[in-house]
Every structure is written in C-alpha cells, then in structure tokens.
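The values are calculated or read from the model by the stated rules, or taken from the named source; none is laboratory data. Remember, it's a predicted structure, so these values are computed and weren't measured experimentally. Quick reminder, even Gly has a Cβ in these numbers, built from the backbone with ideal geometry, and neighbours come from all protein chains shown. These accessible areas exclude ligands, DNA and RNA; they are computed on the full protein's heavy atoms, side chains included. Shrake-Rupley method; radii C 1.70, N 1.55, O 1.52, S 1.80 Å.
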Amino acid sequence: MEELAKFSVITKWIKLNEVKNGWFVGNDAIAYNLGSHIVFMNLTTGLETFYRADLTNGDGVSCLTGHKIFPIFAFAENCWNAKIFIISYPDFTKVSILESKGEYIFISLAFSETEHLIALTGMPHYKIQVWFWRTQDMLINENSELITDKQRITCSSSLPLTVAQFAFSKGKLIVWEVHGTQKFCKLIKRKISLDFDKSDGPFQEVYSIEGNIQIVNRHGDIYYVIPSSRSVNLITKRNGNKGDFNSCIAYIRNGILVSGPDGTLKFYKRQKYVWNEMFQISTSDAFITLKGYHDNETAIGMTVDGGIYKIHLLDGAPSVGGNNRLEGEKLSMTKIKSYDASYSFFAMIYPKGEYLVAVKTSNEIFLESVETGEKVAKINIENQTIIQSNPRLPFIAVGNSHGDVTFISLNDPKAPKVLTEFLLSRRSIKTLRFSHCGDYLVAIDNEFNIFVIKCSIGETMNIMHHFKESLNIVEFFVIASQEKIELLLLCSANDDSLNGNQLVRITILNDDDKNIFKNEWKLPKFYMQVLPFMMSTSKFYAIKNGSSLLEIIEISEEDKLVVVDVIDTPHQLRHLEAFNDGRHLITWGMDGIVAAYDSDNNHALLTAFVACNRHNFGIKIAHVDAKCKYVVVIDQSGNLICSTLNVERSLESYQNLINLIENDEQNSIYLFSQDTSGGFPGLQKEHIGKKFTDLKSEQTYQMEAKESEETRKILFGKLKRLRSQIRKMLDENEICPEDERLEIQDFNLDLVTAEQKESNAREDRNHEEKKMMDYIEAQTVLNDWIISKCWNPMEVKGAKLRGMFINMFVDNYPLLPEVKDKEMERIVLLRAVENSVALEDTFLPWRPIPTMELEKVLAKEPGMFELNTNDMTQFTEHVSNLMGTKSYKQIKVSPLHYQQLDVVTFHQMRIEKFLIHKEQVALKKEFNKKFDALHRMKEYQIDSIRFKNDRLRHIQSEMRILDEMKGLKLESMPQILDPDFQPDEMPDTVINVIESEVCVSPYISPSYKKMLEDQEAAREKRRRELEADDFRDRALDAMMDGVLEHKWEDEIKKNPKKPDCLIKNKPRDDLTEMELRDVDEYNQKVKQILTERDKYRRMLYEEQKLLQSILDDEIHNYNYNLCSLMMEKLKMDMVIEQEEMKLLLMTQYNFRRVSYQKREIEIRLKMEQMKVTIEGLSHLQADLQDWIKDIKTNYENLQMKDKTLERQFKANFNEAAPGAPVDQAFKYFKRRPKLQMRAQITSSILLEVAKRVSSKKQCHQVTLLPPECLEYLHGIDLLDLVSSSTTGIDSISWQILCKMRRIKIESEFKIKSLGLQLADAEATLTAYTKETINKRNYLQSIERSLVELKEARENDSINRYVQLVMRRGLIEIPLTGSFSDFKDSVLIHRSDVDDINRIIIKAGMKKLRALENAAMFRRKISMKEWEHKVLKLKVCELKEFVKTIEKCKITKEVQQWLKREWTEDLSENSLNRHIENSINAHEKILNDLMQEDYLLDKKITRKKMETKDIDDQIQKVNIDVSEKNLMRDIEFEREEIKAAKERMLIITERAKIVRHIQYQHSNLLQLNTLLELQRLKTYPTLTLNYSGRYQKSYP
C-alpha cells in the first residue's frame, strides 16, 4: 500500500463505455461513478474532470451522490468498514470523512438540501443512517425491512424531510420521515403497500416538489404515491407496443417526463386533480435514465447508446386543446456528450507512442491521440480477430477470421494506408507476434499453422517459412537475428487450457526452410505467459500460474532452464499479465494495479498505481508510451483510461531513450517513403486470390506426383499381373477335388489388413454388446425395483374391463394388502368408552328437555358402567340421511362414527379419518367383487363366442363350397371377429413378455442354427421311415375311403359318376336301352343331390341365423352388464368423494379454528408491540418537551443579552471612544447588509455565519455556505471599511464601532439559530404527537379487529356446516357451486313444510274465494251501471227520433205516389221474350259441355297410349322379376322382412313413448315452475333465523 501511495499519477482522459446513472453536483456539474474514478462533466461547457477515488487498495467506489446546492459530493468505499468521503468540487478537497463504528458496506447515499447525509448499508445489516456531515456525527442508525442489494434512497426537496427507500427490482417502498436538528434526529417509518408484480420491474421513482412520489414500471405504467396517507393511484397505463427498453421518469416543470419502453418521451401534468398527457415525442435513442435539474426546468437524460442529452421545455403560451394536450410548450433536446467507447483491444503505435489503435466490439478500428484522447482516423476491417503493432515502426498487422493478415501503415496518422495483404489460411488467425526488432511477424491460425513473414518496409514482404505444430500453444514470443529465427512456445496438453507446463524452442535458419530444430523442456509448474528478455536471447520472462511474481529464466549452455532472478511485483492478487515493448516492462492484473519497470536499468520500478476497480475483475490490457509518460488501460467493462505519470529516471537513461526513439523515427521516415509490396517465393499471376496453404498443398502434390510417376506405373503393372494370377488360381481351385480345395481366405494376400478389420469389427461388436448388456442390466435392475416396490406389494392390481366391439371400459380399484392395525382396536375401545358414557349422560344444550325428564335425569345417581367392545348395539344409531354420504346403501357402515356436529377436535377428526379410510377401502373391495365376477363372466363368454365363431366360419366355408358347386357368383360374407382380452385387462401381461409381443426375431448363433438343422434332418428321416412302413394306413384307406366315418354333408358334395355314354358325348338316338336307363338314373341322382344340397344350404342358413342371434344376445348382455358396472363405478366414486368431502369439511373447520387462534396471537402481538411503541413515543415526547424548555431558556437568555447590548451601546461606546458622536455612531451600529435567503436556512448555517462575523480572517476563506451568506459577509466587510464612516469618527473609534456591531450581529444570528432549533424541535414534537395519535387510533382498530375475530370464531363454532345428500327437488335455494350458497340456509323437515304448505293453501283458498266474491260483486255493479247507461242512451235516441219525425213535412205529390197501386207485366210478348232467353242460355251451356267432352276424349286416348307403353314395360319388368324370384329364397326374405318390420315397430313404439315421456316431463317442469312462481308472487317465503341456537331437524 505504501509503495503505491508514493507514486504521483493524474488521470488524463477517460473513454467511457456507457453511463447508466448520474448525480448532480452543485448547479452546473453531473458526476458518474466508474468504480475507481468519478467523472465530472460541466453541463455548461461540456468539459470533463476526473477524480481518482481509489489510490491504494483497488476497492473503488460503492455508491455516489451529489449535493444540489453546495458544490460537494460524497462517495463510499466498496469494502467492509467503509468510510464516506465528502469532497468539494472542482478543487477536490476533503470536507469531511464519516467513519461508522461497525462493519458496514454502503449501497446508496443521498444528500438532503441541508446538512443531512442519508446512507443505506448493505448485507447483512441493511440499515438507514443519518449523518450531519458538517460535524461528522451519526445522528441515528436504524434497521430496515428491505433485504436486497438492489435498492436505493432518495430525499425529498420539501419539508418535512422524507427519504424514500425503494427496492427497484421488487417494487417495495418504505418512506422515512426525518425530524430533528444537528444534535439529534428521529425517524418515522411509513411502509407503503405497492401491489406490483415482480415481473414488471425494474421500477424507477422520483420525488415531486410537493413531497409525493411518482413510480414508473418497465412497461411505462405510472403510479402516484402520497406518503402521508399511504395511498397509491394509477396515473396512466401505457397501451400498445411495450418495447424492449426499461422506462424512466423525471420531475420537471411541475410535471413528469417519462420515457417509455418504446423510446417515446411523454410529458404529463396535473390539472384539476387529473393527470393529463400534454405531448409526446418519438426519439431516435431510448433513454435509460432521466434526472430532473435543480431549476425545475431542465432534465438530463442518458440513452442506451451512451448519449447524454439536455432536455428543456421551451416557454410558450400554454393552452389546453380539446384533446387535453399542451400546445404551447415544446421540447428541445441537446446532445452534450456521447459515451460509446466499448473497446475490446488497443495497441500503442511506435516508435514515439503518441498514438494508439483501439478496436471496438463492432470491429471498428480507431486511431486516437494518447495525449488528448481525440480520434484522428478510422479504419474498417471486416471480421478482424487480432491486432499487433510493430515495436519499432509505425505500422500494424491485422488478422481476420478468414485467415488473412493485413499490414496498415500509420506513418501519416491522419491518412492510414494499407501496405499489403497476405492470404495465409482458411482458418481464423489466432495470434500475431512481431519479433523484438520488428523485422519478422509470426502468425498462428486455429489449426496451429505457423507462418513467418519478413516485414521489409519499403521493399517486398515475403512469407519466409510455414510449418504446423501439433501442440496446443498457450503463449509464445519471437527473437530474430540475421542467421536464425527462434520461437519460444508455451504449450499445454489440453486444448482449452490457459496455462502450460511445456516449453518448446523452435529454431529456423534463415537460409534454409527445411532446417528447423526443436527443443523441448518440461516445466516443474504451470505458467501463464512468457515474454522476451531484450538484453539477452537466452533469457525470458515467465509468469507462473497463481503467482504475483515475475521470474527471469535462462536457458543454459547445457540446455537447462534456470531461474536467475525474481521480480516482486506490487500486485495484491495472484494473477497478472505483462508486456515488454523493448524499453519498458509493464504488468497488470485483476486487482486493477498497473506497474511499469525500466528494462535497461535492472528492472527499476518506475511507477505503480491503481488504474481501475478490482471488483470488476481489474484490467484487461495496459500499455505505456515510448517515454513512459502515459499509461493507457482497458478495464473489463470496455472503458479506456489514460493516466499521466511522473517518472523519475537518470538523465543518461532518459537521453538514451530519446536517442533510440529519434533513430527509429528517422528510419521510419526513410522506409515509408518507399513502396511496399507483398508476396512469397514462386508467386505467379494465377496464384493471386488463393490461400497460401492451398497453394503450398498444390505445389507439394504436384511435386510428389512428378517424382513418383515412374514408380506408380511400375506398381500398377505389377498389381495388374498379380490380380490375373490370383484370378487364375481361384478358377483352378474351384474345379479341383474337394479334398484338395483351399479356403477363399488362403488366397488373401493382405492378411494383416483383413485380420485388422476383423479385429476392429470384433471390438466394435463386443463394445456394442457390452453397452447393450449394461443397458439391459440397468433396465432390469430398474424394472425389478419398480416391480418390487410398486407391483408386488399390491394385493389387487389395476386392471380394465373393456366392452366387446364397443369403445367403453371400466377399471377397478388397485388396493394394497390390508394390514391388521392396532389402531382400530384402540379406536373401538375409545369409542366404546365415549358411547357408554354418552348413554348415561350427554350434554346437548341445544335440545330442549321437559322439566319432568330433567328432574329424573338430575335425580339419577352416578354409577359404574360395564364396557363391552364386542357388543355394538350399545353404540348410537346414526340417522342415515344426516350422515352426509350414501355409503350405507353400498356397505354396512361402522357405528363408531361421530355425528358431524360432534367432530370439533383434531383427535375426533383423526378417528373419523381412520374410519372413513376404512370404509373407502370397503367400498372399493365391494366394487372389485363385482368387477371380478364380470371378468369371470367375460372369460366364459369369450370361450363360448370363440366356439360359436368357429362354427360360423365352418358354415361360411360350407356355403361358399355349395355356391361354387352350384356355379353361383360368390358373394362377400361378413368377417367374423373373435373377442379377446386387451393387455390392460390382464394385469400379469404388464410384467410378463411373451414371444408374440417381440417384433424382432431372436438371434440364432451359427452353432445353434446347425444344431436345429440336425434335429430337423433327424425328424425328416424318421418321417420317411414311417412312410415306408404304412401297410395299416393303406388297408384303412382301402376299406373306409380314407375316413373313419361317412357324413351326409360330405356325401352330398360328391358328384355322381357319369355314364360312359355321357362321357363320350354319344347322341341320344344312338344310346341303348341300358345306356338310357343309366342316363335316367344319373339324372335322378343329380336331381336328388341338388335337392339335398339346397336342403343342406337352408339348414346351414338357419343355423347361421340362430348362432348369430345367440352371439348378438350374449354380446349385448355382456355390454349391458358392463354399462351397469360402469354406473356402479360412478356411484362408488360419488360415495368415496362424499366421504372425502366430509373429511375435508371437518379439516376445514379445524383449520379455521387454528387460523382464528393464530390470528388472535398475531393481533395480540401487534397490540403489545403497538403499546410498547406508544409508550416509547410518550417518553420521547417528554424528552422533547424537556429539550424544548432548555432551548427556550437559552433563547430567552440570548434575547436578554442582545437587548442589553443595544441598550448599553451608547454608554459603552462613549466610554470607549470619548468625544465621538454617539447618536451618529448608533445609526451606524444599527446598519446591516441586506440578507435575502433563497435556500433553506438551517441553524448550523446561521451559526457558521455568526462565527464568520466574529472572526474577520475566516470570512474570506472558501466555505460551504450559500451564496447569499457569502454576499452578506462581504457586505459586512464593506461596512467595516473606513471609507464607509462619516466625519467626526476617527479610525480608532470606527474600529471600536465595527467590533461592537459585529458582536451585535453575531448575537442576532445566534438568536436566529436558536429560533430555528426551537422551531425544528416544536415541529418534531408536533409530528410525534400526531404519530402517537395515529398509533393510538391504529391500536383501537386492532382491538376492534380482535373483537370481530372473537365474534367470527364464536359464530363459526355455533353455525356449523353439515354435509347432506339430498335430492335436487328438496333444495329450495339457488345453487352456484360454492359454500356461500348455504351461508344462510336452514334445514327443515319435510312434514313441517307440508304442514305449512297446507296452511298456506287453506288460507289461499279463503283468499281466492273472497277475491272471487269481490270480483263477482264488482262485475254485477259494473253490469248494472252499464245497463243504466244503455237505457239512458236509448231514451235520448228516442227523444231525438220523435223530434226528427215532428220536424219532417210530406207534400201532396209524395202522398199520391205512396197511395198508387203496384202491378206486374204479364203480357204474351214478355213471356215469349223470357222463353227465348231461357233457350239461348241452355244452348250455350250445352255447347260448353260438348267442348269439354271432346277435350276429355282426347286426353283419354293419350292416356290409353301411355298405359299401353307402361303395360309393355310392366311385362318386361315382370319377366325380370320372375327370373329374379326363381333365384331368390322367398321364405327367407319374408322372414327377414317380418323381423325388420317387427324391429321397426318396436323402434317406432319406443320413439313414441320417449317423445310422450319428454312431453310429459316438459309439461311437468313447466307446471312446477308456474306453481313456484305463483306461490312466490302470492305468499311470502318462510325463513328461520337461528339467532345463535342450534335446533336438530330431520329431512
């Protein structure tokens, strides 16, 4: 540590990879934590300054924060027993060092706007600490509930001071309210309940100016938290595309600025208690952090690409449009800085080292200045993998993944130039190394092809050597001279090893490519790296694995490795790397330390310092420039850091270094003025674009082919002759005698290869056989274990019973063997005792007992009872309907059960559980009996069906034979299937494998196959011998025609023998009488056989029909029984589940009982804790009151002293300065500078001002005071100037006046300070009084909850749930499938319901009759009223009619017309006209009828013609039908049609009955519904309130 502290190092510049968070320091700077450095950026100028926070140990910075008002920042060390440093900015002087008395590590810091620093410790304590940083005092150290390292603290800007402790990964929040002064502090804890999902994290929070908190989750949803009321409200929920970024939030201009997951910026503002979105802007970069500036007008944003933006809301005319968006305000974004270094590698450019090349992860190469860090040029090389710079000249070599090496000149830094390119290999270039002099470059690809390239700048670069190394190369270096090139390789036996224990030296002579010498050494330990020793070619540096020492090893003349020296490095961890550029040796490691040594001056240590944080795995690469003025490092995070060194060395050494650099520079100027090209010996135009390895392979192949051409021809000729000779010998061997014939393998000329192949095949076979046997053995062990543990212990194996030709199955209940348990005997004994006692005396408070019976019970004297466990009649009989299950219908239920209401303890529930389990097993056994019976029935029926199926198959074959003999076309017959057991129906087949289940034929060895062939040959020989001695069989065949019994069905299949005349086809006229008789007999036999065959066929058909009917009945009966068994299984499952439900109901009751007890304990514990808290708050209030009294006393004393100073001023001043104008001096005594405090004023600030007033010398020093206070002090200094005095007051009197005025001002500021302390103390007392009231109210709420809990427990113990099994028609409450349906339900006996219904019906009938009488009476009244109205209307109408008649006048003409006589015209003419008209009418009707008759005749003719055609068709069809009928079996079809009609009739009748039942059922449901509706409308529903009592009822 001391060695590192003595070196002076200044951080020159830093290229950051990314910035995730920042903290404001003062008014114009923002700071970033880099681990070992703190980067400050001026927001106005954009300039950066750096503070090295870690000088010795490499722990770095754990957390950082800045003060919003004062230019100070604080950071904590990243170690145990960490200290907190408070540093001023920008001079970086230490203001305070806060040391805690404990092993703490800090994870978050936060400044208040005054003098408080809040710190959050990490694992394992997680405490909140409040420090007063001016006095370095810890005011309070209190435990926190959040146990996670992913949390931070934030301070509010409002009063009272609140601190938000927020776990941003989990979404948990605790708000601490801070009260107190600089001498004491108290915290009030407020835990905010946030209903956040962990998957919505990470979260981000921000304080508003009112002291409230806004939180945004990863998806952009914003929440508004009010700590005082602990309320959480959702402001907005983001919809649409969620995006891939985390959201962030900042408070700006009394609103919130949010960057969503899609990168969109949105601004929200609260208007009339509603948060409105004012505007949104889509940005090109997504923000990861937003920080609100102190002026409430600006925000600083950090993007994912490393950009730092200054976001400002422009002023405008804010007006809210119709869509609630702010139209007048707009957003301006200014990019201040861009941090996107992300470097993975860099190298110095020699000879001066003024520039470096840095490689980004994006394969971009940048040339940057070492002194300023500015980018000079950019080079694009695709797929680059490694870069190496020349140690003497300004050019680099770049290797890529395609196996190419590119040389780039950097002689002109602003214009890089590609010198040449070598296409070496098809594999990626793994390593590049220049020789120590820079004349040669060695490249190695992934297949360890080694290429040696001569780097002749200004000439032609050539590939001098190429060879391949089989060892795994870990590290190497190159030493070259004019005669040879030496490669020292550190190798390892493992491919992925990072260290090796084998050293290989490869020596290549420059004049001969084939003279390559190799030396190997076995190292005693593993080494990580080897480096060249520039002063000697026989020495080298070596770094041992797990060591911090640097060894110098020499290869002696005897080719032995000797450690000649050891360099003790200042590294703290035993892991380091090194680099030697020929001038300096530099080492670095995971501890973040860099050390530089002088290679020429006996390895003198030039510098050593901590370059970066060791907690991020330290340094990746480090280099120094040529003059050792700058050190540049890359840490593991990709940050590039440059530091300036102050190296002390001798003048001679420095001059030698300068001369060497100047010589190399002059040499480079000359060399790079010439053109440089690349190639290799023998390069031609057609070789351009090809890989060197491919060209070398082609050249080698061509050369070898040319050299071996003659030999190849000779060998092929000999091979051809040899093949012909072997072929001739094989032909001769085939025709030679068998005893002289040779085996084919005897002609094999390559026995070694054949044996090798056989051996390899045998080994492969044995390996596979062993592998398979091991697998089989392992599977066998596993199967045996499964069988022994899961199969054999089962008394009843699981099996299924499937239907025949239907997709239905029923499985049984697998059961373990029943073990006789003593628990049952104990339960029987206990229940016997309980029931015996219950028979004598039972406490049933809910059952009413008459007085007489109660007196008899009380008068009975207690006595002893006899216990008989064998007699079960003494146990109480259970009411079956109240048991809650239907198990009594399946099995005999044990009388040991408790009533459901009696189970109130765990002991009783345990007994019920045991009994229920036993009954469940009994139910399963009962079902298994039925299952086994049906299984046996299926076995019998399968045998019977198989026998009948065999007969049906025989019938089908017989009918097929008869059809063939008759010459009929064979019709397809239905396939006959035999039922069989499936594997899951036979449990034993699960573990037993039969040969038919194995689809692969077994392997038969040649020897076993030969044995089987011998046995088959013996059997064949025996059969032939038996066939030779077959006298008895031939005699039997001759006597019985080869059968033992003649069957009628076999005889009719034989055709009668044809006469010879029919065989010879003689004409009938040429036949003799005997031949005619033979023909007639033959025809009669044929006719008789055909008749017999038809009869046999009908018999077969009848038998087939009968068998099919029997089979259908058997299969139907079995399937019906299976369906019945399935219904029985469902009933069994129902009963078992009922038992389980009853047990669960009991368990639920006991669980509620335990839960009530647990909740009561928790509530009582909360009450005790709350009482203790209230008592502590009361004591604290008393202490605060005492302290307030002391402050008031001091305050009053200071006020009295201040008034005394003012009253005694004239006397004291006149005494001290006699002769001076006292009145005028008093005016100057009262004069003060103006003090306008814009920041929060605290008592400590006022005391500090008072001290500065009293001491003139300190008022000009740099202090941490607000600018207003400094201006006030400066104003006092101006008032003290002699120029400010008036005439009449000399200088001595003026000094006395100024001193007295300063004393008075000091007293005034002390009074103000005490006044602020008093106000803070009173505010603290008020806050704690309010908190005490809140705690007391909370205590009362807890007590109320305890009372409610007791009432709930009492109600739950009285109003018990009982399980009942009832029909749906007896349940009169709506059901939703929840226990809450029965919350207020009441069980009433059916007789009570019937009695009530009868009363209701009787009352209803009375009411209906009364309603009917009232309705009839109303109708009669309405009828009479209607009749009265009708009569009145008739009277009115008649009166009007009379008036109308009276008004009507009749003239004489009308009277005469009315009096005339009415007669008809009966003359002859009129009669003739009438007759003529009648005739005409009849003729017209007759013509119409004749026309219709004509049309009908035409239609009849046409119909007759159509009928004739139809008759012809009918005749043809009748002929066809007759021909078909001749071939049909009419009787069979009639019976089939009759059976079909019967089946159809049955189906139709069943369908009618089903429809009738459905119709009646629907009518019944409709009538029931109407009945219920009418009853509910007319009569009230009866309800019964228990009122805490239990009344036993029966359904």
Leu194 meets each of (1) more than 20 Å from Val130 (Cβ to Cβ); (2) out of contact with any Leu (no Cβ under 6 Å at 6 or more places or on another chain) with one exception, condition (2)
Q.
Residue under question is Leu1106, and the condition is that it be within 30 Å of Ile806 (Cα to Cα) and surrounded by 13 or more Cβ atoms within 10 Å (Cβ to Cβ); does it hold?
A. no
> Has segment 937-946 got any residue that is assigned to a helix (DSSP H, G or I) and over 59 Å from the mean Cα position of the chain (by Cα)?
Replying inline: yes
Ser1307: passes all of (1) surrounded by fewer than 16 Cβ atoms within 10 Å (Cβ to Cβ); (2) part of a helix (DSSP H, G or I) but (1)
Any chance Leu1100 is over 25 Å from Lys918 (Cα atoms), open to solvent by less than 20 Å² (accessible area, probe 1.4 Å) and modelled with pLDDT of 90 or more:
no
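Per-residue answers, yes or no, for (1) of a type in the set (Ser, Thr, Tyr); (2) modelled with pLDDT under 85:
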residue	(1), (2)
Gly180	no, yes
Lys189	no, no
Asp195	no, yes
Gln204	no, no
Val216	no, no
Ile222	no, no
Asn233	no, no
Thr236	yes, no
Asn241	no, yes
Filter segment 1518-1549 for residues that are under 23 Å from Leu968 (Cα atoms) and polar (S, T, N, Q); the one that is modelled with the lowest pLDDT is Asn1525
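Quick one: which of Ser259, Ser247, Ser229 is surrounded by fewer than 20 Cβ atoms within 10 Å (Cβ to Cβ) and free of Cβ contacts under 8 Å to residues at least 60 places away in the same chain?
Testing whether each residue is surrounded by fewer than 20 Cβ atoms within 10 Å (Cβ to Cβ) and free of Cβ contacts under 8 Å to residues at least 60 places away in the same chain leaves just Ser229.
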Conditions (1) touching a His at 6+ places or on another chain (Cβ under 9 Å); (2) farther than 21 Å from Val232 by Cβ -> Thr121 fails only (1)
Filtering segment 1003-1039 for residues that are modelled with pLDDT of 70 or more, more than 30 Å from Glu769 (Cα to Cα) and open to solvent by less than 90 Å² (accessible area, probe 1.4 Å) leaves a count of 3
Restricted to segment 194-241 and to residues being among the aromatic types (Phe, Trp, Tyr) and over 20 Å from Asn276 (Cβ atoms), the residue nearest to the chain's Cα centre (by Cα) is Phe196
Checked segment 1231-1271 for anything modelled with pLDDT of 80 or more and farther than 24 Å from Pro71 by Cα; matches are Arg1231, Arg1232, Pro1233
For segment 1325-1362 the number of residues that are modelled with pLDDT of 85 or more, β-branched (Val, Ile, Thr) and touching a helix residue (DSSP H, G or I) at 6+ places or on another chain (Cβ under 8 Å) is 3
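Just to be sure, is Tyr1338 under 30 Å from Gln1148 (Cα atoms), surrounded by 13 or more Cβ atoms within 10 Å (Cβ to Cβ), of a type in the set (Ser, Thr, Tyr) and out of contact with any Asp or Glu (no Cβ under 9 Å at 6 or more places or on another chain)?
Details: under 30 Å from Gln1148 (Cα atoms): no; surrounded by 13 or more Cβ atoms within 10 Å (Cβ to Cβ): yes; of a type in the set (Ser, Thr, Tyr): yes; out of contact with any Asp or Glu (no Cβ under 9 Å at 6 or more places or on another chain): yes.
No.
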Reported set for segment 955-998 where residues are part of a helix (DSSP H, G or I) and out of contact with any helix residue (DSSP H, G or I) (no Cβ under 9 Å at 6 or more places or on another chain) is Ser957, Arg960, Ile961, Glu964, Asp988, Glu995, Ser996
Only one of Ser112, Ser100, Ser96, Ser144 is under 20 Å from Gly22 (Cα atoms) and open to solvent by less than 40 Å² (accessible area, probe 1.4 Å), namely Ser112
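Look at Glu1427 and say whether it is modelled with pLDDT of 85 or more, part of a helix (DSSP H, G or I), of a type outside the set (Ser, Thr, Tyr) and under 49 Å from the mean Cα position of the chain (by Cα). Working first, answer last.
Values: modelled with pLDDT of 85 or more: yes; part of a helix (DSSP H, G or I): yes; of a type outside the set (Ser, Thr, Tyr): yes; under 49 Å from the mean Cα position of the chain (by Cα): no.
So Glu1427 does not fit the description; no.
Residue by residue, here is whether (1) at pLDDT below 85; (2) out of contact with any Phe, Trp or Tyr (no Cβ under 8 Å at 6 or more places or on another chain); (3) open to solvent by less than 70 Å² (accessible area, probe 1.4 Å) holds:
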{"position": "Glu1175", "(1), (2), (3)": "no, yes, no"}
{"position": "Gln1181", "(1), (2), (3)": "no, no, yes"}
{"position": "Asp1186", "(1), (2), (3)": "no, yes, no"}
{"position": "Lys1192", "(1), (2), (3)": "no, yes, no"}
{"position": "Asn1197", "(1), (2), (3)": "no, yes, no"}
{"position": "Met1200", "(1), (2), (3)": "no, yes, no"}
{"position": "Glu1215", "(1), (2), (3)": "yes, yes, no"}
Counting only strands (runs of 3 or more DSSP E) wholly inside segment 176-272, the ones holding at least 2 residues that are touching a Gly at 6+ places or on another chain (Cβ under 8 Å) are 248-252, 255-259, 264-271
I'd like to know if segment 74-91 contains one or more residues that are among the hydroxyl-bearing types (Ser, Thr, Tyr) and under 29 Å from Gln572 (Cβ atoms).
no
In segment 784-799, anything open to solvent by 50 Å² or more (accessible area, probe 1.4 Å) and without any contact (Cβ under 8 Å) to a residue 24 or more places away in the chain is listed as Asp784, Trp785, Ile786, Ser788, Lys789, Cys790, Asn792, Glu795
Within segment 916-944, the residues that are surrounded by 13 or more Cβ atoms within 10 Å (Cβ to Cβ), aliphatic (A, V, I, L, M) and farther than 29 Å from Met1141 by Cβ are Met937, Ile942
Of Asp1497, Asp1520, the only residue that is more than 30 Å from Met1099 (Cα to Cα), part of a helix (DSSP H, G or I) and of a type in the set (Asp, Glu) is Asp1497
>> For the structure I just gave you, tell me whether Thr45 is outside any strand (DSSP E or B) and more than 17 Å from Arg134 (Cα to Cα).
In response: yes
Across segment 1099-1116, the tally of residues that are of a type outside the set (Asp, Glu) and either outside any helix (DSSP H, G or I) or touching a helix residue (DSSP H, G or I) at 6+ places or on another chain (Cβ under 8 Å) (or both) stands at 8
In segment 1062-1082, anything in contact with a helix residue (DSSP H, G or I) (Cβ under 6 Å, 6 or more places away or on another chain) and either acidic (Asp, Glu) or modelled with pLDDT of 80 or more (or both) is listed as Glu1075
Among the residues that make up segment 411-433, is at least one of them more than 24 Å from Phe476 (Cβ to Cβ), in contact with a Pro (Cβ under 9 Å, 6 or more places away or on another chain), assigned to a loop (DSSP other than H, G, I, E, B) and open to solvent by less than 20 Å² (accessible area, probe 1.4 Å)? no
When Val1282 is run through (1) more than 30 Å from Phe184 (Cβ to Cβ); (2) open to solvent by 40 Å² or more (accessible area, probe 1.4 Å); (3) at pLDDT 80 or above; (4) among the aliphatic types (A, V, I, L, M), the failure sits at (3)
Exercise. Does Ile153 meet the test of being assigned to a strand (DSSP E or B) and out of contact with any His (no Cβ under 7 Å at 6 or more places or on another chain)?
Worked result: yes
